[in-house]
Amino acid sequence: MEIVKESDTHKKLQDYFRKSREKAGASRKTFLTKILGNNNLGDIFFERLTLLFAVLVFLLIIFMGWEMYSHSILSIRKFGWGFITSTTWDPYSQVFGALPMIYGTLVSSFLGLIIAVPLGIGVAIFLAELAPSWLEKPLSFLTELLAGIPSVIYGLWGIFVLVPWLRDTVEPFLQNEFPNSFLFQGAPYGFGMLAAAIILSIMVLPIISSISRDILKSVPNSQREAAYALGATKWEVTKIILSYAKSGLLGAVILGLGRAIGETMAVTMVIGNRPQISTSLLDPGYTMASLIANEFTEAASELYLNSLIELALVLFVITIIINIFARLLVWSTERKWKLSPI
Amino acid sequence: MKLKIFSVVVLIAGILFATSNINAQVRLTGAGSTFDYPIFSKWFDTYNKMTGVQINYASIGSGGGIQQLTEGTVDFGASDAPLTEQQMNTFKQKRGTEVVHLPIIMGGVAITYNLPSVGQGIKLDGPTLADIYLGKITKWNDPRLVKLNPGRNLPNKAILVAHRSEGSGTTFIFTSYLSKVSPEWAKKVGNSISVNWPVGLGAKGTEGVAGIIAQTQGAIGYIELAYAKQNNLPYCVMKNKAGNFIEVNFNTVSEAAAGAAAHMPKDLRAVITNADGKNSYPICGFSWIVVPRDIKNREHAEALVKFLRWAVTKGQNDATSLYYAPLPKPVQKLDLEKINSITSNGKKL
């Protein structure tokens, strides 16, 4: 039964809209039927289209790998596996070995993460669980702002602020405190692995903290309420939330690692750019991305260019391996969690 | 929707109109050295206003410039190091003509340092400088440095060596000098746009090297003359081949080129470090424009040759204001002769 009686004009209008809708629907249907020959066409078309996009991403990765391989064939033939085990990078004698750069990339990134992960997750816990809302908004905004700063600016800050501070204060202090430690040998220049690790930690901090915060916020409130109802303290509740969000937090860390491994500009400005392997954090080092950026433009010979592209290929493969490893890690923690919640 | 179609039509019409407009003029393209870029952009701008010829230049680095020229995608390349024999052979195979080297501008390399207690003008000679870069001299009060600088109070401070981390023409000039004055350097490290440095820190760009030096007491490094002058950095006085201590400036750099012009190789691929001449500064070099000897497209060939004639003569007046050293007259003459030998399909221009 109708409650409101419709006026004539209203009815006419409704009729008109209904008819035009039907008309449009019909014409669309005939068009799609012609192409695909099925009744439920919109859905199928949409599905195929998105599938195509997904396959394209996959093909793009294969294509990139192939492209790098085919352009580094000269150096692959000449050096073989020696390319990743040799420590000499000498453009003049045309001898190229990538081990110091592989070492530099991995060590600087992991050191950066060691500093950034506790800080980043700490920031996320405060923002998601503890901060009053008037403080949370501006603080979140500020941490996300850090992520938007161009890396060359971090590099300049590194040269003018961080490096002098490390050279005059931190490194002499470390050498005084631990005179025999293998980690702090050599002259304190300021430029070196330690400076690179600190710069990287600052750069990945906003990524880790903002993603972690979102993940913690997405933990259902029932978890918190249940814990508080049982008389848990804030620290105990946080522990429960963290364990609930474990796999997501791991994902945040991996994204941070990805950024650290690929970071070029800021690192090259403070790491000292020396292809050597040294256990001392005060010594200069080199990363793959920095070396490629530094030497690509002036690489005159074919073999030199091929070696640089092979270095890019090595970086590409390492990134993929780390990502696969991370997937497995996330997957295994998820499974464990499902078996024994909390 | 109508608006969209309209804007697309306007865009296409705009592109068509623009391209037809450009096609009316000869447009030359070049690629190569980043060191040359500041003076090139000044030249291309001035030359465009004078003649209407438009020249586009991509400063992608010397190696890239040589490659593009060899592939035939640009009209000229620019390089801080002359082509190697191998590169010249590849060029000949691919283009069916040989490559012509034209010295186009000069650069000097200053040895700068940070020792506030000592001040300007520490004296150095080649072998000592090479041993510092080989890591054999590690303190500022090393007996050899003290002997070169009698009466100056050199501190007991560690020397921090700084160098360019990317391939650069400045490094080519610097390592060419060290290779000439130190047999050990020539054997162990060699002469190239980037080398395997025995010691020291690498920094990106002249600013990077200058940054390390400015920040670290006891540091030493090599940078372009232009940059040292603009920033009033202290620099070493170098002992030249004739045995005189020479300050780096435009005159002493041009002097080195003039000294070298007397016995320049026929193809003008002269590396003029450690040059003869009483007042020649020893660490400096040419930058080259490289072009094919025979250019297929006559219109392009004519425009390019005209521009090159202008650049090696009148264009040199712009050099000092941009802190390059101008080509001395004898080298300009050699360049003009070389330019006259460029042909188009075998015919003179």
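Laboratory data are not the source of any read-out in this text; all were calculated from the coordinates shown. Everything numeric here is computed off the predicted structure, so don't read it as measured data. Here the Cβ positions follow ideal geometry from the backbone for every residue, glycine too, while neighbour counts run over all protein chains shown.
So the values come out like this:
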{"item": "Degrees separating the helix A:41-71 axis from the principal Cα axis of chain A, which is the longest one", "result": "10"}
{"item": "Distance (nanometres) between label positions extended 7 Å along Cα→Cβ at A:E177 and A:T85", "result": "3.9"}
{"item": "Whichever aspartates and glutamates have a C-alpha closer than 15 Å to that of B:K188, once near sequence neighbours (fewer than 8 apart) are set aside", "result": "A:D90, B:D131"}
{"item": "Violating pairs (Cα-Cα greater than 22 angstrom) within the set B:K42/B:K347; B:K123/B:K329; B:K92/B:K348; A:K137/A:K217", "result": "B:K42/B:K347; B:K123/B:K329"}
{"item": "Alpha carbon convex hull of the stretch A:87-339, projected area averaged over orientations, nm²", "result": "16.5"}
{"item": "Aspartates and glutamates whose Cα lies under 13 Å from that of B:K147, excluding same-chain neighbours fewer than 8 positions away", "result": "B:D125"}
{"item": "Between 0 and 90°, nearest 10: helix B:298-312 axis offset from chain B longest Cα axis", "result": "30"}
{"item": "Average beta carbon contacts from partner chains per residue of B:194-204, 10 Å cutoff", "result": "6"}
{"item": "Where labels lie 7 Å past Cα in the beta-carbon direction, separation of A:T233 and A:Q276 in nm", "result": "5.0"}
{"item": "Per-pair calculated FRET efficiency, R0 = 51 Å: B:Q54 and B:Q217 via Cβ, rounded to 0.05", "result": "0.55"}
{"item": "Cross-link reach list, lysines versus B:K49, counting only Cα pairs under 23 Å and skipping chain neighbours closer than eight places", "result": "B:K306, B:K314"}
{"item": "Counted charge near B:S62, where neighbours are those whose Cβ lies closer than 10 Å (Asp, Glu -1; Lys, Arg +1)", "result": "-3"}
{"item": "Gained length - A:K246 relative to A:R327, 0.36 nm times residue gap less alpha-carbon distance", "result": "27.8 nm"}
{"item": "With Cα atoms, 0 to 90° folded angle of helix A:133-148 axis to chain A main axis", "result": "60"}
{"item": "Sum of -39500 (n - 2.57) over DSSP H runs of 4+, divided by residues of chain B (222 nm, nearest 500)", "result": "-13000 deg cm²/dmol"}
{"item": "B:K147 versus B:T73: modelled label distance in nm, points set 7 Å from Cα along the beta carbon direction", "result": "5.4"}
{"item": "Neighbour-count ranking [beta-carbon atoms within 10 angstrom, fewest first] of B:H163, B:H263, B:H101", "result": "B:H263, B:H101, B:H163"}
{"item": "Förster radius 45 Å - calculated FRET efficiency between B:F245 and A:H71 (Cβ-Cβ, nearest 0.05)", "result": "0.40"}
{"item": "Cβ charges +1 (Lys, Arg) and -1 (Asp, Glu), total dipole of the protein assembly as shown, debye", "result": "1220"}
{"item": "Placed amide H near B:I246: partners under 5 Å, 5+ positions off or other chain", "result": "B:M238, B:K239, B:N240"}
{"item": "Cut-off under 5 Å, modelled amide H: who pairs with B:I105 long-range", "result": "B:S287"}
{"item": "Anisotropy class of the protein assembly as shown from Cα gyration tensor, a/c 1.5 cut", "result": "oblate"}
{"item": "Likely footprinting exposure, A:M203, A:M288, fewest C-beta neighbours within 10 Å first", "result": "A:M203, A:M288"}
{"item": "Rg(Cα) / (2.2 N^0.38 Å) computed for the stretch B:237-329, rounded to two decimals", "result": "1.26"}
{"item": "Efficiency of FRET from Cβ geometry, A:I61 and B:E207, R₀ 56 Å, rounded to 0.05", "result": "0.95"}
